[in-house]
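The structure appears right after this line, and notes come after that.
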Amino acid sequence: MSTIESLQAVELLDSRGNPTVETTVRLRSGVEGSFLVPSGASVGAEEALELRDSDSPRYLGKGVQGVVRNIEQTISPVLCDLKEVDQEVLDQTLIELDGTERKTHLGANATLSVSGAFARAQANEQRIPLYQHLANWSNTADIRMPVPMMNVLNGGAHANNNIDVQEFMLVPVGMSDIASAVRCGAEIFQRLKELLSDDGHSTAVGDEGGFAPNLDSDRAALDFLIEAIERAGYQPGPDVVLALDCAATEFFESNSYVLKGQKKTLSGEQFIAYLQSLVRDYPIKSIEDGLAENDWTSWKSLTEKLGDDVQLVGDDIFVTNTKFLQRGIENGVANAILVKLNQIGTLTETLDVMRLAWSVGYNTVVSHRSGDTEDSFIADLAVGTGAGQIKTGSMSRSERISKYNQLLRMEAQVGHMKYCGLEEILIHRERDHTCGASSA
Ligand code: PGA
Ligand code: ZN
């Protein structure tokens, strides 16, 4: 329990140069904590609202001065009036003060920056690392390093090229610790750069720090990844598997999947067959948003067809919300959930959705946003909750590297943290939320 003395909010910028908000919570003890909010581009329709000053010409309508006012003038007086607060009470107060389903009154960027800043302030007050505080708060006995998904090739809404799939990711499952995993990803990233350059492609990077070459097809992208893995001295499969984020909502039009790169329009079933063919030909072990957020019928079919062998991660379809995850569980949709703090807007609601996922054996992948910041909170969140996996971009751009660096720091400070590799992305029908949990 802590007592809040003041809240201060400031309009800063994210990695795309758009405004975002940082809140600093000051506790009565004099200790402070801050949190800087990220921002998405391929945003799920049911996400909590990222409030912006859309009526103002400042920053082309993307300013967050209204959010700053909501924090300092509406939220602050209420929180400072409370005698003693813990994370649940703080988050519940924010939820009630907002009073809407999607946090449209105060903005999820307002509530999250306060929620995250309070957690940091509490960790600082107790003089313990953030991940340790989050582990205590979430009652996590099994602290461990997440397996990273490294998005080294960008397409879709994150790049100006012909590739339909938004993210092609390396997952270094065969490593024994995060230092080797990061090194593996970085070496492959540099080899990939050489290969693309030798072939006359651009090596400029997209929003998440991956390359965004103008390739003809998804298969061409996958071939480059396999070659880069081998050229770096690793074995595709045992050392490194691949993951995709199709972000399929982005190319779902009039009930069809419109693939601009391939100049094809496919039905849900045809797109599933296409994904099956990719899984057959490449060591792809995880597919996120393989189908659109409102195409629940095809999602169920995809899960029936691929769900025993491949991790199927729901991002836009679940939007880190227990209501949608519950619907997915009841309908046999997906077997994992992407966890983005700003899709829901408080830490407590985020932990609730993770707990629901674990209770039915769904995997959890803590994630950044495509517009992110230097804040490395999610690295501590992934470790402290024992989430198992983290998706935090490529091996370039400081807003991505800040998370990898934070993971490396944690491992260095502790000596060694459990890293479970492939085990994390296997499909867990029942799970006791530890490495080596019983799997089907
Ligand atoms: P976003 O992309 O942050 O633009 O939503 C990331 C993702 O789709 O996972
Ligand atoms: Zn996604």
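Any read-out appearing in this document is the output of simple, stated calculations on the displayed coordinates, not a laboratory observation. What you are looking at is a predicted structure, and each value in this text was computed from that prediction instead of being measured. Ideal geometry is used to build each Cβ from the backbone, glycine not excepted, and the neighbour counts take in all protein chains shown.
For the chain, what's the relative contact order in percent, using C-alpha pairs closer than 8 Å and at least 6 residues apart?
This gives 19 percent for the chain.
Which ³J(HN,Hα) values in Hz, rounded to whole numbers, follow from the phi angles of region 385-391 under the Karplus curve 6.51 cos²θ - 1.76 cosθ + 1.60, where θ = phi - 60° and Gly and Pro get x?
In residue order, the calculated couplings are 8, x, 4, x, 9, 9, 10 Hz.
If region 78-178 were replaced by its equivalent ellipsoid, with semi-axes equal to the square roots of 5 times the Cα gyration tensor eigenvalues, what would those be, largest first, whole Å?
Whole-Å semi-axes of the equivalent ellipsoid: 34, 24, 10.
Out of G44, V205, F324, whose Cα points farthest toward the positive end of the dipole of the chain (charges: +1 Lys, Arg; -1 Asp, Glu; placed on Cβ)?
Most positive-ward Cα: V205.
Using 0.36 nm times the number of residues separating S176 and N331, minus their current alpha carbon distance, what extension gain do you get?
52.2 nm
Between E304 and S277, what's the calculated FRET efficiency when r is the beta-carbon distance and R0 is 22 Å? Round to 0.05.
FRET efficiency, E304 to S277: 0.85.
For the chain, give me the percentage of DSSP beta bridges that are antiparallel, rounded to the nearest 5 percent.
55 percent
Roughly what angle does helix 268-281 make with the longest principal axis of the chain, taking Cα atoms, 0 to 90 degrees, to the nearest 10?
70 degrees
Near the amide H of E5, under 5 Å away, which other amide H atoms are found, from residues 5 or more places off or on another chain, if H is placed in the peptide plane?
Sorted by chain and number, the residues that satisfy this are R26, L27, R28.
Helix 296-306 against the longest principal axis of the chain: what's the angle in degrees, Cα atoms only, rounded to the nearest 10?
For 296-306 against the chain, the angle is about 60 degrees.
Given the -39500 (n - 2.57) contribution per DSSP H run of 4+ residues, what per-residue ellipticity at 222 nm results for the chain, rounded to the nearest 500 deg cm²/dmol?
-11000 deg cm²/dmol
Run the simple label-point estimate for N214 and E230 please: 7 Å along Cα→C-beta, distance reported in nm.
Result: 2.8 nm between the two label points.
Could you list, bin by bin from short to long, the percent of Cα-Cα pairs of the chain in 20 Å steps?
Binned Cα distances yield the sequence 27, 59, 14, 0.
Mind listing the phi-derived Karplus ³J(HN,Hα) values for region 161-176, rounded to whole Hz, using 6.51, -1.76 and 1.60 with θ = phi - 60°, and x for any glycine or proline?
9, 8, 7, 7, 5, 6, 9, 10, 10, 8, 10, x, 6, x, 8, 9
As a footprinting exposure proxy, order Y59, Y362 by other Cβ within 10 Å, with the fewest listed first. The partial results should precede the final answer.
Values: Y59 16, Y362 25.
Result, fewest neighbours first: Y59, Y362.
Short version: ³J(HN,Hα) in whole Hz for each residue of region 52-63, in order, from phi by Karplus 6.51 cos²θ - 1.76 cosθ + 1.60 (θ = phi - 60°), x for Gly and Pro, what are they?
9, 7, 5, 8, 9, x, 4, 6, 6, x, 9, x
Return one quarter of the surface area of the convex hull spanned by the alpha-carbon atoms of region 126-276, equal to its mean projected area, in nm².
Details: hull surface 46.8 nm².
If I average the Cα hull's projected area over directions, I get 11.7 nm².
Among H416, H158, H105, what is the fewest-to-most ranking by other Cβ atoms within 10 Å?
On the way: H416 12, H158 25, H105 15.
Ascending number of Cβ neighbours within 10 Å: H416, H105, H158.
In the calculated pair distance distribution of region 76-116, what percentage of Cα-Cα distances lie above 16 Å?
For region 76-116, the fraction of Cα-Cα distances above 16 Å is 28 percent.
Could you tell me the calculated FRET efficiency between M1 and S54, based on Cβ-Cβ distance and R0 = 35 angstrom, to the nearest 0.05?
0.35
Give me the number: length gained by fully extending L422 to S359, i.e. 0.36 nm times residue separation minus the C-alpha to C-alpha distance, one decimal in nm.
On the way: separation 63, 0.36 × 63 = 22.68 nm, distance 2.03 nm.
Separation in residues times 0.36 nm, less the Cα-Cα distance, equals 20.7 nm.
Quick one: plug the Kirkwood hydrodynamic radius of region 193-289 (C-alpha pairs) into Stokes-Einstein at 37 °C, 0.692 mPa s, and report D in µm²/s.
Result for D is 222 µm²/s.
Take the Cβ-Cβ distance between W296 and T265 as r, set R0 to 25 Å, and report the resulting FRET efficiency rounded to the nearest 0.05.
After rounding, the FRET efficiency stands at 0.75.
How many angstrom separate the Cα center of region 233-303 from the Cα center of region 47-93?
Region 233-303 and region 47-93 have Cα centres spaced 37 Å from each other.
More than 23 Å apart: what percent of Cα pairs in region 1-137 qualify?
Of all Cα-Cα pairs in region 1-137, 32 percent lie more than 23 Å apart.
Using only Cα atoms, find the angle between the long axis of helix 178-198 and the longest principal axis of the chain, and express it within 0 to 90 degrees, rounded to the nearest 10.
Around 50 degrees separate the two axes.
Starting from the 7 Å offset along Cα-to-Cβ, what nm value, one decimal, do you get for the label separation of T104 and R127?
Roughly 4.8 nm, to one decimal.
Sort region 154-235 into rounded, prolate or oblate with this rule: let a ≥ b ≥ c be the square roots of the eigenvalues of the Cα gyration tensor; rounded if a/c is under 1.5, and if a/c is not under 1.5, prolate when a/b is larger than b/c, oblate otherwise.
In terms of gyration-tensor shape, prolate.
Order by neighbour count: I128, I427, fewest other Cβ atoms within 10 Å first, most last.
I128, I427
Which is the longest part of the chain that has none of the GluC sites (Glu not before Pro) sitting in a DSSP loop with at most 16 other Cβ atoms within 10 Å? Walk me through the numbers before you get to the answer.
Details: sites that count: E84, E101, E374, E430.
Of all site-free stretches, the longest is 102-373.
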